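A short reminder: the numbers here are calculations on the coordinates, not readings from a lab. Since the structure is predicted, the reported quantities are computational estimates derived from the model, not experimental observations. Neighbour counts are summed over all protein chains in view; Cβ atoms, including those assigned to glycine, are modelled from backbone coordinates with ideal geometry.
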Amino acid sequence: MKTEILKIAAAHLKPFLLILSLVVLYRGHNEPGGGFIAGLLAGMAYVIYAGAFGVGKAKQLRLAKPMFFMGLGIGIALFSGMIGLMNGAESIFTGVWTTLTFGTYSLKLGTPLLFDLGVYLTVAGMLVKIIFTVMEEDV
Amino acid sequence: MLFLPVLIPLISIVLLIGFRHSLKYQQGLSIVSVFAQLFAAVSILLKLSGNGHLVAQAGGWPAPFGIGFVADYTSGLLLLAVSLVAIGSVIYSIGFVDFDRQKNGLFLLYQGLLAGVNGALLTGDIFNLYVWFEVMVISSFVLITLGSEKLQLRASVKYLVMNLIGSMLFVAAIGLLYSQMGTLNMADLAYKVRLQPAPPLVNSAIMLFFIAFGIKAAVFPFFFWLPASYPTPPIAVTAFFGATLTKVGVYVMLRFYSMFAQLDVAFWQPVIFVVAGLTMVFGVLMAASSYDIRKILSFHIVSQIGYMLMGIGLFSVVGLAGAILFIVHNMFSKTATFMAGGLIYLYKGSYDLKKLGWIYKTKPLLAFLFLIPALSLAGIPPTPGFFGKFLLLYAGFDGAHWSITIVALVVSILTLFSMVKIWNEAMWKPEKITADLVAKKVHPAAWMGTFIVVLLTLFLGLTIGYTYDYFAEAARQLLDPMSYIKAVLPETP
């Protein structure tokens with residue numbers, strides 16, 4: 001399916017989907033959303049791009065390094081579990097919280113969000129890796 | 001501390017992904033990682049003496065709410081055995097498996113499998129247990145398909161379908177249990193079940209668990225996926241599977257029997273004995289009728305699972321000690337026989353007994369390396385297999401469970417028969433075709449891995465006088481689930 005409409009749409013959808021995925025990732029802390037679904041969204045950005053332009057082109061994109069992001073994701077998730085230990089907690093995966101304030105706007109951050117970021121990267125990387133592999137064999 | 005056996009493989013995965021372009025680093029890192037796991041297992045075992053149980057809660061959430069890891073002697077001993085076998089397996093794989101597979105993530109998947117196994121051995125929460133099982137299934141599934149040969153892919157479908165059905169029943173049972181009891185913490189559940197008669201649906205859930213674990217452990221009548229899938233990947237992978245996957249299934253059965261099924265012995269004991277007896281008999285008969293080394297050994301995995309189940313059913317100190325010793329002995333002996341079989345393949349280019357011959361004449365050391373674990377599987381002293389069987393039979397006669405004990409005795413003879421068959425056909429028989437696809441240089445790591453595991457087998461057999469105390473202590477802990485409950489939930493009266 002290599003139509004011009006899909007090509008134009010895919011090129012423009014990619015940044016939107018990536019931004020949306022980050023929003024869903026942050027929102028996931030108190031509302032529906034979270035790392036897994038956000039990871040799927042981010043992965044979809046690349047899958048749609050690959051569908052429109054072909055896997056070869058999609059693989060040349062700057063962020064299309066699925067194995068790297070899978071490793072990074074697991075690493076971040078594990079690291080988020082260690083932060084509590086460094087702060088003197090007894091057990092791994094003890095939550096640590098901070099709030100960043102920009103004027104009137106404040107951002108609540110904590111190790112669960114960091115863990116979710118790890119999930120996000122792992123899921124996105126895995127999705128891209130699987131779909132790219134399958135699409136390559138198709139051709 | 002208790003989380004180390006899971007964290008080490010996970011961290012190794014991250015590092016292995018980082019070093020995915022350099023095989024040398026991957027090999028080195030895997031070896032370092034399995035030795036680190038050995039260290040973690042030993043330190044857990046050392047800390048256990050005097051404490052009884054070790055408990056750690058993730059995130060510091062108190063017991064019935066958070067997810068906790070619990071170690072007792074059973075899980076400690078199995079952790080140690082798994083890490084020892086992992087050392088042998090990783091070294092053996094470096095020598096045995098082709099470079100393509102090694103580069104495509106063999107070591108990464110080994111670490112994933114180890115993370116799943118260690119997690120399943122340690123966790124104190126049933127849903128968490130399910131997650132570790134899935135980690136194991138996914139890693140092992142990719143390991144079976146790695147290389148994408150036609151036979152492998154066909155086998156992997158059987159493996160995956162059967163394991164997914166098992167997982168489905170597992171989740172169904174978890175849902176049922178949670179709806180009835182409102183908790184999934186093993187200690188909390190075991191305590192609540194003891195406080196008052198459990199609602200009838202809990203028994204259905206435990207039956208579902210039994211079937212799910214039965215599929216994972218490959219007991220009769222759910223064993224057929226194992227001989228269909230195990231012989232297809234490189235034998236180094238099969239050897240590692242044989243030491244880990246089914247054994248964790250048996251361990252979980254052991255744990256659940258001690259926690260829940262124990263309350264209804266009148267129902268469960270006959271069920272377990274019947275399943276155990278049929279598993280033994282069918283496994284060994286299939287093995288006796290096969291002519292491929294890998295198939296024979298795979299069927300023997302099934303047959304030996306029956307002995308472990310028998311120990312669970314006996315549920316006395318000697319019986320349980322025998323069951324745990326049997327699990328550990330099987331991890332060593334079975335892996336060692338697989339590895340020796342792999343060496344035969346490297347030298348002769350075949351697993352088919354009809355084509356093999358004269359190993360004893362050309363490679364006496366290799367024949368010897370095969371002989372020790374094979375005798376152990378058959379149960380000849382002074383190998384650990386003899387002591388494991390002796391304990392089980394002793395407990396069987398002691399408890400007057402005549403029929404299962406006699407079945408176990410007869411199956412031992414058949415086991416000896418099929419081991420002797422391999423010996424006669426592969427080692428003593430004159431070679432029919434002088435195949436010279438053979439005797440390339442074999443990587444020394446393959447020999448070394450085999451040596452390590454064979455030595456472990458011998459060591460376990462020769463030191464049984466000292467190690468038996470540990471197995472007996474593990475059995476005593478399993479017989480007294482209240483000690484487990486009190487360790488996890490200190491407030492219980």
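The table for this structure:
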| quantity | calculated |
| --- | --- |
| Segment A:4-138 - Rg over Rh from alpha carbon coordinates, Kirkwood radius | 1.06 |
| Debye-sum result for segment B:367-493 in log10 I(q)/I(0), which assumes one identical scatterer on each alpha carbon, at q = 0.16, 0.20, 0.22 Å⁻¹ | -0.98, -1.20, -1.28 |
| B:TYR394/B:ASP480 FRET efficiency (R0 22 Å; Cβ-Cβ; nearest 0.05) | 0.55 |
| Viscosity 1.306 mPa s, temperature 10 °C, Stokes-Einstein D of the protein assembly as shown from Kirkwood C-alpha radius, µm²/s | 62 |
| Volume of the Cα convex hull of segment B:104-198, divided per residue and given in Å³ | 83 |
| Centroid-to-centroid separation of segment B:19-85 and segment B:124-161 [C-alpha atoms, Å] | 22 |
| Whole-number D in µm²/s for segment B:4-488 (Stokes-Einstein; Kirkwood sum over Cα pairs; 25 °C, 0.890 mPa s) | 110 |
| Ranked list, fewest to most other Cβ atoms within 10 Å of each Cβ, for A:LYS14, B:LYS24 | B:LYS24, A:LYS14 |
| Pairwise label distance in nanometres, B:MET1 with B:SER179, each label 7 Å out on the Cα-Cβ vector | 4.1 |
| Projected label distance in nm at B:ASP292 and B:LEU195, using a 7 Å step from Cα toward the beta-carbon | 5.4 |
| Residue exposure sequence - B:ASP264, B:ASP100, B:ASP125 - by fewest surrounding Cβ within 10 Å | B:ASP100, B:ASP264, B:ASP125 |
| About the Cα centre, charge dipole magnitude for segment B:301-459 (Lys/Arg +1, Asp/Glu -1 at Cβ), debye | 560 |
| Restricting segment B:289-327 to chymotrypsin sites (Phe, Trp or Tyr not before Pro) in coil, as DSSP defines it, with at most 15 other Cβ within 10 Å | B:TYR291 |
| Ranking of B:GLU149, A:GLU137 by count of other Cβ atoms within 10 Å, fewest first | A:GLU137, B:GLU149 |
| Alpha-carbon gyration tensor eigenvalues x 5, square-rooted, for segment B:8-149, Å | 29, 17, 13 |
| Listed residue pairs exceeding 31 Å between alpha carbons, taken from A:LYS7/B:LYS150; A:LYS14/A:LYS108; B:LYS24/B:LYS47 | A:LYS7/B:LYS150; B:LYS24/B:LYS47 |
| Among A:ILE76, A:ILE19, A:ILE37: highest mean-square fluctuation, GNM of chain A, C-alpha pairs under 10 Å | A:ILE19 |
| Helical mean residue ellipticity (222 nm; -39500 (n - 2.57) per DSSP H run of 4+; nearest 500) of the protein assembly as shown | -25000 deg cm²/dmol |
| DSSP H segments from chain B that extend 24 Å or more along their own axis, Cα-based, with Kyte-Doolittle mean of 0.5 or above | B:23-48, B:73-96, B:126-145, B:150-181, B:200-217, B:235-259, B:265-288, B:293-314, B:317-348, B:402-422, B:444-462 |
| Helix A:111-138 vs. chain A, principal-axis angle (Cα, 0 to 90°, nearest 10) | 20 |
